[in-house]
Amino acid sequence: MLSVAVVGSGPSGVYTAQALLRQSLVPDVRVHVLDRLPTPYGLVRYGVAPDHEKIKSLQNGLRAVLEDDRVTFVGNVGVGGPDGVSPARLAELYHAVVYCVGASADRRLAVPGEGLPGSYSATRFVSWYSAHPDAGADPFVLDARSAVVIGVGNVAVDVARILARGADELRATDVPSAALGALEESRVRDVHIVGRRGPSQARFTTKELRELGALPGARVVVDPAELALDPAYAAPEGLPGAPPAVVRRNLEVLRGWSAAGEPAAGGAGRRIRLRFFLRPVELLERDGRVAGVRFARTAPDAGGGVRDTGAYEDIAARLVLRAVGYRGVELPGLPFDAVRGTVPHAAGRVLRDGVPVPGAYVAGWIKRGPTGVIGSNRSCAKETVASLLADAAELRGRAAADDPLAVLREWGLRPVEWSGWLSIERAEAELGRSLGRGPVKIPDWPGLLGAARDGER
């Protein structure tokens, strides 16, 4: 039997397990899917916005893989951290280990004032309203009247939408009670989504963009002058240099909003302002906390980028969320490319100084960087699994434990298996019923582990 550990139970990890199950070259394969959290599904559980029910339903497909008899979910087991298992020790337990640990760090703006109270990463905000147990009770300044979201990708659109959506609309989701209560008391009325380049270079999808305009209690505002500044705005369709279809669709949506102008006084309760060609240069301070953002006005340059114009604009805000991308984090014991934020590899085989590390593989964002959508992880996982299978004869010659879970327990760890996760699910359903809602996530480590242990007794 070929024994494989997959580190990470998000889409890249589960798709890796799925590719191992579907292949026929090595029929006798056993897969343990490890996760630091006692819950599976990774960013599908803790990164997809709660009002995106269709995307969250991807959990059903991931669940089918994790419930296969040849797969064992092993939660509450960290790898590489101070309280977890080192990659070297993990390699003693399995013939091969595939690391699918994602890109958990946020890119920073590297501007003065970024560390002021009231300034956060968008990921931290997402973790809060998604009930990630590491998030805790963050003191987000929801009594602010104005918020700035820096970045023009789907994450930026997600957090802006949650800020602008009424709490009653989120009550049917699994948002934890504390976050729902805070959002219900929120005084935020203006949400600015700001990008340093033009709309044609924004990373949001048309579907995400249109959702902003469907919010019943908000109005989207776009400055016609900023829209017209983009070279793609007037590029004729079908001619050389015309923008791609997704850009044309985005511009069409933005054009409609810009034509509508400012909402009338006494109209929609919240405004979402999409701003372009503004580069953050400083977060402004007042009374010891963030009071706004100073932006340098940019304009398109001949090389397809932007240049500073010498003009500046300040946007007042007591809440600033940066959504400018993710970055992989070094896993102690594995090689790491600090520039790319990835593990060096060749078709998924981990490389140390250009030489494959026996039995070590990568898939997902830690392999290729934070690019693509959830489905991109399928082909990425298949490539890695193909490399692993090509090495199968050599891998079988490596030592592996007969019962890795027993060894992990001997090492002082307390794995949460699938039965523990099912118990967490039941506890979240019961919590929701007690609140007159659907299932509501348990937001803290003690609650999650307590629920898991109840199912193991």
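The values are calculated or read from the model by the stated rules, or taken from the named source; none is laboratory data. Worth saying up front: this structure is predicted, and the values here are computed from it rather than measured. Neighbour counts run over all protein chains shown; Cβ positions are idealised from the backbone, glycine included. These accessible areas exclude ligands, DNA and RNA; they are computed on the full protein's heavy atoms, side chains included. Shrake-Rupley method; radii C 1.70, N 1.55, O 1.52, S 1.80 Å.
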Can you give me the ranges of the helices (runs of 4 or more DSSP H) entirely in the stretch 1-57 with at least 2 residues that are surrounded by fewer than 22 Cβ atoms within 10 Å (Cβ to Cβ) and more than 15 Å from the chain's Cα centre (by Cα)? 11-22, 53-56
Regarding the stretch 85-94, can at least one residue be identified that is in contact with a helix residue (DSSP H, G or I) (Cβ under 9 Å, 6 or more places away or on another chain), modelled with pLDDT under 95, open to solvent by 40 Å² or more (accessible area, probe 1.4 Å) and in a loop (DSSP other than H, G, I, E, B)? no
Looking at (1) among the small types (Gly, Ala, Ser); (2) in contact with an Asp or Glu (Cβ under 7 Å, 6 or more places away or on another chain); (3) at negative phi, find the lone condition where residue 347 falls short. (3)
For the stretch 158-197, enumerate the residues that are of a type in the set (D, E, K, R), under 30 Å from residue 233 (Cβ atoms) and either in a loop (DSSP other than H, G, I, E, B) or open to solvent by 10 Å² or more (accessible area, probe 1.4 Å) (or both). 158, 165, 189, 190, 196, 197
If you scan the stretch 57-112, which residues turn out to be touching a Lys or Arg at 6+ places or on another chain (Cβ under 8 Å), among the basic types (Lys, Arg) and closer than 22 Å to residue 127 by Cα? 107, 108
What about residue 78, is it under 21 Å from the mean Cα position of the chain (by Cα) and surrounded by fewer than 22 Cβ atoms within 10 Å (Cβ to Cβ)? yes
If you go through the stretch 325-361 one residue at a time, how many are closer than 30 Å to residue 194 by Cα, buried (at least 17 other Cβ atoms within 10 Å of the Cβ) and touching a helix residue (DSSP H, G or I) at 6+ places or on another chain (Cβ under 9 Å)? 5
Filter the stretch 198-218 for residues that are open to solvent by 70 Å² or more (accessible area, probe 1.4 Å) and outside any helix (DSSP H, G or I); the one that is modelled with the highest pLDDT is 214
Look at the stretch 128-157 and say how many of its residues are outside any loop (DSSP other than H, G, I, E, B), out of contact with any helix residue (DSSP H, G or I) (no Cβ under 7 Å at 6 or more places or on another chain) and open to solvent by 10 Å² or more (accessible area, probe 1.4 Å). 1
Is it the case that residue 213 is without any contact (Cβ under 8 Å) to a residue 40 or more places away in the chain and of a type outside the set (A, V, I, L, M, F, W, C)? no
Scanning the stretch 314-366 residue by residue, those β-branched (Val, Ile, Thr), farther than 30 Å from residue 298 by Cβ and touching a residue at least 12 places away in the same chain (Cβ under 8 Å) turn out to be 329, 343, 350, 357, 362, 366
Residues of the stretch 194-212 satisfying the condition of being in contact with a Leu (Cβ under 8 Å, 6 or more places away or on another chain) and not aliphatic (A, V, I, L, M): 195, 196, 198, 199, 200
Quick one: what pairs do we get from the stretch 377-399, first residue open to solvent by 80 Å² or more (accessible area, probe 1.4 Å), second at pLDDT 95 or above and not polar (S, T, N, Q), C-beta under 6 Å, 6+ apart or different chains? 378/15; 382/19; 383/347; 383/348
When you look at residue 120, is it surrounded by 17 or more Cβ atoms within 10 Å (Cβ to Cβ), assigned to a loop (DSSP other than H, G, I, E, B) and of a type outside the set (D, E, K, R), yes or no? no
If the Cβ limit is 6 Å and pairs must be 6+ apart or interchain, which residue in the stretch 418-446 that is farther than 20 Å from residue 136 by Cβ pairs with which residue that is open to solvent by less than 60 Å² (accessible area, probe 1.4 Å) and of a type in the set (A, V, I, L, M, F, W, C)? 418/73; 420/452; 423/451; 423/452; 432/440; 439/429
